[in-house]
Amino acid sequence: MPKYLVLYRSTISAADMMATATPQAMQASMEAWMAWGAKAGDALVDFGSPTQPVGDGDPGPAGGVGGYSFIQAADIAALNTVLEDHPHKAMGTIEVLEVLPQPGM
């Protein structure tokens, strides 16, 4: 079954979002992510984690990568169903990359 790397992009870094959010907003955000994870079920291979840039590179128009997840799905339609109500869509964009088999492995 294909596996996908899901990148969560935003013009505001995950660290900045966490630093400026109220405890109530953080709690609500975590509840939304946990509800999504429960709904994704076995398709969610690795919940992932927030990420933080370590250089001064330009994040580009799509924004920097603020986190990631790994999802497996039978096809693009199934993947889109898993991502349908994703909580990150309220704060940024989602980029999906298919993880290809390692040649010769």
Go through the stretch 69-86 and give me each residue that's of a type in the set (G, A, S), surrounded by 11 or more Cβ atoms within 10 Å (Cβ to Cβ) and part of a loop (DSSP other than H, G, I, E, B). A73
Search the stretch 14-54 for residues being within 28 Å of I76 (Cα to Cα) and of a type in the set (S, T, Y), and hand back the single one that is nearest to the chain's Cα centre (by Cα). S49
Residue tally, condition touching a helix residue (DSSP H, G or I) at 6+ places or on another chain (Cβ under 7 Å) and part of a loop (DSSP other than H, G, I, E, B), over the stretch 22-57: 2
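Residue by residue, here is whether (1) hydrophobic (A, V, I, L, M, F, W, C); (2) within 21 Å of E98 (Cα to Cα); (3) touching a Ser or Thr at 6+ places or on another chain (Cβ under 9 Å) holds:
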residue: I12; (1), (2), (3): yes, no, yes
residue: Q24; (1), (2), (3): no, no, no
residue: S29; (1), (2), (3): no, no, no
residue: G37; (1), (2), (3): no, yes, yes
residue: L44; (1), (2), (3): yes, yes, yes
residue: Q52; (1), (2), (3): no, no, yes
residue: A74; (1), (2), (3): yes, yes, no
residue: T81; (1), (2), (3): no, yes, no
Per the filter on the stretch 32-46, residues out of contact with any Pro (no Cβ under 7 Å at 6 or more places or on another chain) and among the hydrophobic types (A, V, I, L, M, F, W, C) are M34, A35, A38, A40, A43, L44, V45
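Values in this text are rule-based calculations from the coordinates and carry no lab data. If you're wondering where the values come from, they're calculated on a predicted model, not measured in any experiment. We place every Cβ from the backbone using ideal geometry, glycine too, and count neighbours over all the protein chains shown.
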